[in-house]
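Only one structure is covered here, and it is reproduced in the block below.
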Amino acid sequence: MNYFAGCDLHSNNTVIGILDEKGKKIYTKRAPNDLNQILNHLKPFKNEMKGVVVESTFNWYWLVDGLKEAGYKLHLANPAAIKQYEGLKHTDDYHDAYYLAELLRLGILKEGYIYPKKERAIRDLLRKRLMLVRHRTAHILSFGSLYYRQKGSKLSSSDIKKLNEDNVENLFKDPHVILAGQANVAVLNFLGQKIKEIERIVLSTIHLQPEFKKLKTVYGIGNILALTIALETGEINRFPKVGNYASYCRCVSSQRISNEKKKGQNNRKNGNKYLSWAFLEAANFAKRHYPSAREASTNANSIKPTRSSPPKPSLINLLERPSTS
């Protein structure tokens, strides 16, 4: 007898539902988020277990990794692609767990990508860097506004980054304004140190794939953006077509049109927001530093190489890993 398990994961507990190969409900249990207890519930069915489905929530790492290490075949359900039957009058966590198992049994489960554990921590560290950069930018803008209000003129971001707390005392007279400015400067300097530390560690510890060096040949892409694109993309072969990858990067227009009029947007936030940010940053840097990019039309294929700007390969080819066979 073959079994299929669904795990409806929550912040502090997991509901387990197990079906047999005919779709009959065999076992259900709500367990605390403790790997050993969950393994004990699954143990009687392990030898005949065809697969375990875990819903992709904010805290799936520990459960997916633990079950994989215990020898189970894992499937990560993509909640954005799974639609419940709207005619149901009542659903609960037990129903959801069985529903995940039923989708797996029928072979129609919409799955998410289980990012390799080995590189996941580095990828998440780069995400943390981006969060710190945004916080630092907020303090730079805050200090810039403070200076503008008090002086009536602008102070560039590059000049603000060079300030220390002692410099602030020479810029203002009111002690309250000085304290407010010093708070901004102290925080942005601390964040700047942490950002540089993260960059140094990531660049020195990760053993990058060949596509990293290729990505750096693209206009506007440096070390951090190349790292972000390579790590957020993962295995490029999981995208059947170029369009699938472009959609995953949120680089495809999202809109509903009827009678040549825009009626709304479809799934605008589907995809990877970090890849979307990385490619947007690359485009801005390319326009800023490369004349051929500034002069190009919206069609990327219209960029004509100059004598100092050799032709650039397409991103989908740059990310392809060499065959290991």
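Report the relative contact order of the stretch 3-106, percent, no decimals, based on alpha-carbon pairs under 8 angstrom and at least 6 residues apart. Walk me through the numbers on the way to the answer.
Values: 173 pairs, mean separation 37.8, N = 104.
Rounded, it is 36 percent for the stretch 3-106.
Ignoring everything except DSSP H segments at least 4 long, calculate the 222 nm mean residue ellipticity for the chain; use -39,500 (n - 2.57) per segment, divide by total residues, nearest 500.
-15500 deg cm²/dmol
Could you work out how much longer the chain between residue 33 and residue 276 gets when fully extended? Use 0.36 nm per residue separation minus the Cα distance between them, nm to one decimal.
Numbers: separation 243, 0.36 × 243 = 87.48 nm, distance 3.31 nm.
Here the answer is 84.2 nm.
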For the chain, with +1 on Lys and Arg beta carbons and -1 on Asp and Glu, the positive-most of 107, 188, 97 along the dipole: 188
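Only bridges whose two residues both fall in the chain count here: according to DSSP, what percent of them are antiparallel, nearest 5? Let's see the in-between values first.
Working: 18 of 27 bridges.
If I count the DSSP bridges inside the chain, around 65 percent turn out antiparallel.
Subtracting the Cα-Cα distance from 0.36 nm times the residue separation, let me have the gained length for residue 24 to residue 2 in nm, one decimal. Numbers along the way, then the final one.
On the way: separation 22, 0.36 × 22 = 7.92 nm, distance 1.11 nm.
In short, 6.8 nm is gained.
Rank by packing, highest mean first: peptides 227-236, 15-24, 283-292, 263-272, with packing defined as the count of other Cβ atoms within 10 Å averaged across residues.
Details: 227-236: 21.1, 15-24: 17.4, 283-292: 14.5, 263-272: 12.3.
Result, highest mean first: 227-236, 15-24, 283-292, 263-272.
Please state the relative contact order of the stretch 69-193 as a whole percent: Cα pairs under 8 Å, 6+ residues apart?
On the way: 76 pairs, mean separation 29.0, N = 125.
Over the stretch 69-193, the number comes to 23 percent.
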Nearest-ten-degree value, helix 117-151 long axis tilted from longest Cα axis of the chain: 40
Percentage relative contact order, the chain, counting C-alpha pairs under 8 Å, at least six apart: 12
Interatomic Cα distance distribution for the stretch 1-85, bins of 10 angstrom, percent: 18, 56, 26, 1
Cβ-based charge dipole, the chain, positive-most Cα from 243, 35, 205: 243
Separation of the residue 161 and residue 135 label points, Cα + 7 Å toward Cβ, nm: 1.8
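Arrange 242, 185 by Cβ neighbour counts within 10 Å, fewest through most, would you? Show your work: numbers first, answer last.
Details: 242 12, 185 22.
Starting with the residue having the fewest Cβ neighbours, the order is 242, 185.
May I ask you to sort 14, 137 by Cβ crowding, counting other Cβ atoms within 10 Å and putting the fewest first? Mind dumping the intermediate values first?
On the way: 14 23, 137 13.
With the sparsest Cβ surroundings first, the list reads 137, 14.
Take the Cβ-Cβ distance between residue 40 and residue 263 as r, set R0 to 41 Å, and report the resulting FRET efficiency rounded to the nearest 0.05. Could you put the intermediate results ahead of the total?
Values: r = 52 Å, r/R0 = 1.27.
The formula returns an efficiency of 0.20 here.
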Angle between the chain longest axis and helix 273-289 axis [Cα atoms, degrees, rounded to 10]: 30
Radius of gyration, Dmax [the stretch 108-173; alpha carbons; angstrom]: 20.0, 68
Point-to-point label distance, residue 183-residue 61, nm (Cα→Cβ direction, 7 Å offset): 3.2
Compactness of the chain - radius of gyration and Dmax, Cα, Å: 25.4, 80
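Where a number appears in this text, it was derived from the coordinates with a stated rule and is not lab data. Every value quoted in this text rests on a predicted model; they were computed, and no experiment measured them. Don't worry about glycine lacking a Cβ; one is built from the backbone with ideal geometry, like all the others, and counts go over all protein chains shown.
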